[in-house]
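Undergrad: Please see the structure below; I have some questions.
Just so it is clear, none of the values below were taken in a lab; they were calculated from the coordinates. What you are looking at is a predicted structure, and each value in this text was computed from that prediction instead of being measured. Reconstructed Cβ throughout: ideal geometry from the backbone, glycine too, with neighbour counts over all protein chains shown.
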DNA sequence: GTGAAAGCGCTAACAT
DNA sequence: ATGTTAGCGCTTTCAC
């Protein structure tokens, strides 16, 4: 029992394969009658068009690749979901590449950017070294970067620097002056940017930065965006025995680990140490973590929309969409203090 | 600047395209020397094999479709992750279909089971009506069902009935006698099965089932596996003004909604009403929800492994893998009572 | 070990 | 409105 092709349908309908093809691509050059007849016979025979043959002949794939190094995290799930929503409204299907380690990105690029594989690609949160950039440039189809920036490619990302700035400012406004910073792997650009924002806030408040308050991880798994890394980082910070009254973790998942580390030492959040995260993953709502919300779903939708635009042939210059993070204040950053109390009272533990 | 094909390589290497093809498929019928030469030239020219042309000629796709109606939930993310892990070790890539509503399943089947599109498919948690079964049967490639059962197809699923049984038994052992049941949409088979387990536990304990304690939703979105549905269901249960001392929600996400409903009425978990969920999603650990853990990652890995087996040509009879859920006891189901206190003391609110 | 040639199932000129 | 035919880029007999 071999698969049924347009030849079978053509035979049975007493027409040529070209007509069958036309019927399926609803070309205006088939009479309604024959089209209906053909479609009927196809139905009857259980015909299924052959995707590969189709894209080969059309010189165009109807797949879009999403390359996501860390799909384990809720953040990416939400973004992906936004992507799905948009893509599923289109003629395209979504091919998802994901892997637990950053090194695998190259392998994924290799496959996902295969010629004839997909019509375009979305690349998530991967550090762009020259080799990867070269590969992206060789790829003749449109690429949109998500949670990532490079001048040569369309992108959509959160304003991470501003987010870091808002996080630190929030704590400063509340009167905290010894704000620890839990960064991720130093290779992570978003982490760096959030850190820059943290520094800017300190400059604006004219508060000297104590480098001992800033810690980062060597962990490569998910670039250190893990609960374990957060726990380890917070622990190392507490071990230093340097005064500290609050902490900004560059991601919620790390903040969760940090909170555990704090509580494991018999201290409380926010009583002893106030805590602010970044992302606003689902859990944060339940554990009352103050954080900077990234519009995840929106990011996904916008990225997909940008890509679809390019696939429709839009030749506009490279576009960069920067979305603003918003402060979501919950109890982990301490009870709200009276608005204008900017006294530099210290909050040491 | 047209894409480079094997013809270009053949020209430059002064060999036929057949030899180039052999070189890439590391056939034993090319001399090591010419192969190396060809590979070198290919590298130099930036050659990329054309995926569609390849699968067309080979009569075999290297894609595997995963059809997931509700990828929004953490449960599916974890399962998908297990799938990814296995799949990425193989020669296949993963095509992901997902949509927010159950109705969309048919559209996804239409695309995902396209001939020539994928070499096999994983179908998640979708009610199987005769039409869908017919479509699966027409599909000439292997299919593995996940979180789903049908005699004709390979499957991997949790023992939901047993899970429901364990959940209810756990509460009964603790002395609760008025156990509310928050089901999902009645079309959901897992929900039904968990309910059956709940009933069996009551029979074994010889406790009459009070039907007023059992509520289900009409919600179709995600089959009622949402926080909102949990909230609404719990509220309706409390409105009934029927004695109740504990609740088994057929999913953690619903349990979260239920907890909110309980707390919104000024009652506490587990003080006034004990709570047990199902799944063990990530949040549950943080909010101390007692639940029945499904081995999500494992399910994904096993499903992918089963599919890969079939793709390797394994012709063994249909296989069904049933995984056991495990009780994860946290504080939401009340403090542990002394083991053998089976007195039928009532725990009314 | 290598080449010639015939497809894989479809689309898209070009005819009629 | 329909048919003929030449590909799309690759794999795979079958010769040599």
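Undergrad: Write down the Å³ per residue value for the convex hull defined by the alpha carbon atoms of the range B:269-316. Mind dumping the intermediate values first?
TA: Working: hull volume 3.0 nm³, N = 48.
So the per-residue Cα hull volume is 63 Å³.
Undergrad: How far, in degrees from 0 to 90, does helix B:74-88 lean away from the longest principal axis of the Cα atoms of chain B, to the nearest 10?
TA: 30 degrees
Undergrad: Sticking with this structure for a sec: On the first, second and third principal axes, largest extent first, how far apart are the outermost C-alpha atoms of the range B:6-49 in Å?
TA: 24, 17, 16
Undergrad: Here is a further query. Which of B:53, B:157, B:42 moves the most in a Gaussian network model of chain B with Cα springs under 10 Å?
TA: Of the options given, B:42 has the highest mean-square fluctuation.
Undergrad: Please state the Cα pair-distance histogram of the range A:200-265 with 10 angstrom bins from zero: what percent is in each bin?
TA: 20, 50, 27, 3
Undergrad: Plugging the Kirkwood radius over Cα pairs into Stokes-Einstein for chain A, at a temperature of 10 °C and a viscosity of 1.306 mPa s, what D comes out in µm²/s?
TA: D = 70 µm²/s.
Undergrad: Given a cut-off of under 8 Å on Cα pairs at least six residues apart, what relative contact order in percent is computed for chain B? Spell out each step's value before the answer.
TA: Values: 674 pairs, mean separation 63.7, N = 349.
RCO, chain B: 18 percent.
Undergrad: Under the classification rounded if a/c is under 1.5, otherwise prolate if a/b is larger than b/c and oblate if not, where does the protein assembly as shown fall, given a ≥ b ≥ c as square roots of the Cα gyration tensor eigenvalues? Write out the running numbers ahead of the final one.
TA: Working: a/c = 2.18, a/b = 1.25, b/c = 1.74.
Cα axes put the protein assembly as shown in the oblate bin.
Undergrad: While we're on this one: Specify the angular offset, from 0 to 90 degrees and rounded to the nearest 10, of the alpha carbon long axis of helix B:32-45 from the longest principal axis of the alpha carbons in chain B.
TA: 70 degrees
Undergrad: May I pose another question? Go ahead and set up a Gaussian network model of chain B, Cα springs under 10 Å, then flag whichever of B:253, B:283, B:273 fluctuates most.
TA: Of B:253, B:283, B:273, the Gaussian network model singles out B:283 as fluctuating most.
Undergrad: Give me the angle, in degrees from 0 to 90, between the Cα long axis of helix B:227-239 and the longest principal axis of the Cα atoms of chain B, rounded to the nearest 10.
TA: Relative to chain B, helix B:227-239 is tipped by roughly 20 degrees.
Undergrad: Residue A:285 to residue A:14: FRET efficiency via 1/(1 + (r/R0)^6), r the Cβ-Cβ distance, R0 45 Å, to the nearest 0.05?
TA: Working: r = 64 Å, r/R0 = 1.42.
So the FRET efficiency works out to roughly 0.10.
Undergrad: Can you give me the relative contact order of the range B:6-49 as a percent, contacts being Cα pairs under 8 Å and 6 or more apart?
TA: Values: 32 pairs, mean separation 17.2, N = 44.
This gives 39 percent for the range B:6-49.
Undergrad: Then there's this: When only alpha-carbon atoms count, how far does the range B:69-163 stretch along each of its three principal axes, as whole angstroms with the largest first?
TA: Cα extents, longest axis first: 36, 33, 26 Å.
Undergrad: Less than 18 Å from a label point 7 Å out along the Cα-to-Cβ axis of residue B:129: which backbone N atoms in the range B:218-235 qualify, by residue?
TA: Zone members listed by number: B:218-224.
Undergrad: Distance from the Cα centre of the range A:139-218 to that of the range B:121-160, in angstrom?
TA: Centre-to-centre distance over Cα atoms comes out at 46 Å.
Undergrad: Tell me the label-point distance for the pair residue B:187, residue B:26, using the 7 Å Cα-to-Cβ offset, in nm and rounded to one decimal.
TA: With each label placed 7 Å out from Cα toward Cβ, I get 4.9 nm.
Undergrad: What order do you get for B:242, B:83, A:30, B:269 when you list them from fewest to most C-beta neighbours inside 10 Å? Let's see the in-between values first.
TA: Details: B:242 14, B:83 29, A:30 21, B:269 24.
Exposure proxy ranking, most exposed first: B:242, A:30, B:269, B:83.
Undergrad: Further question on the same structure: For the range A:197-314, what is the relative contact order in percent, using Cα pairs closer than 8 Å and at least 6 residues apart in sequence? Don't skip to the answer; put the middle values down first.
TA: Details: 131 pairs, mean separation 21.5, N = 118.
Reported as a whole number, the value is 18 percent.
Undergrad: Which distance in nm do the two modelled labels at residue A:90 and residue A:263 give, with both placed 7 Å along the Cα-to-Cβ direction?
TA: 4.3 nm
Undergrad: Also, I was wondering about something else. Among DSSP beta bridges whose residues both lie in the protein assembly as shown, state the antiparallel percentage, nearest 5.
TA: DSSP beta bridges in the protein assembly as shown are roughly 10 percent antiparallel.
Undergrad: Between copies, how close do the residue A:49 label points come, placed 7 Å along Cα→Cβ, listed in nm from shortest?
TA: Label point to label point, same position, other copies: 2.6 nm.
Undergrad: Another one. Where a ≥ b ≥ c are the square roots of the eigenvalues of the C-alpha gyration tensor, would you call the range B:160-297 rounded, which needs a/c under 1.5, or, failing that, prolate if a/b is larger than b/c, or oblate?
TA: Numbers: a/c = 1.18, a/b = 1.03, b/c = 1.14.
Note, shape of the range B:160-297 comes out rounded.
Undergrad: For the range B:270-323 and the range B:25-99, compute the distance between their C-alpha centroids and round to whole Å.
TA: 26 Å
Undergrad: Considering only the label points, 7 Å along Cα→Cβ from Cα, what distances in nm to one decimal separate residue B:103 from the same position in each other copy, shortest first?
TA: Label-point separations across copies, in nm and ascending: 4.8.
Undergrad: Here is a further query. Between residue B:206 and residue B:329, how many nm apart are label points set 7 Å from Cα along the C-beta direction?
TA: 2.4 nm
Undergrad: Could you calculate the contour length gain from residue A:58 to residue A:44, that is, 0.36 nm times the residue separation minus the distance between their Cα atoms, to one decimal place in nm? Display every interim value, and only then the final one.
TA: Numbers: separation 14, 0.36 × 14 = 5.04 nm, distance 2.60 nm.
Here the segment from residue A:58 to residue A:44 would lengthen by 2.4 nm.
Undergrad: So, one more: Stretch residue A:318-residue A:101 to full length: gain in nm at 0.36 nm per residue minus the Cα-Cα span?
TA: Values: separation 217, 0.36 × 217 = 78.12 nm, distance 2.90 nm.
Difference between extended and current length: 75.2 nm.
Undergrad: In addition: For chain B, with a Gaussian network of springs between Cα atoms less than 10 Å apart, report the residue from B:12, B:60, B:321 with the top mean-square fluctuation.
TA: Of B:12, B:60, B:321, the Gaussian network model singles out B:12 as fluctuating most.
Undergrad: Report, as an integer, the average count of C-beta atoms from other chains found within 10 Å of each Cβ along B:261-269.
TA: Working: counts 0, 0, 0, 0, 0, 0, 0, 0, 0.
If you average over the peptide's residues, the count of other-chain Cβ atoms is 0.
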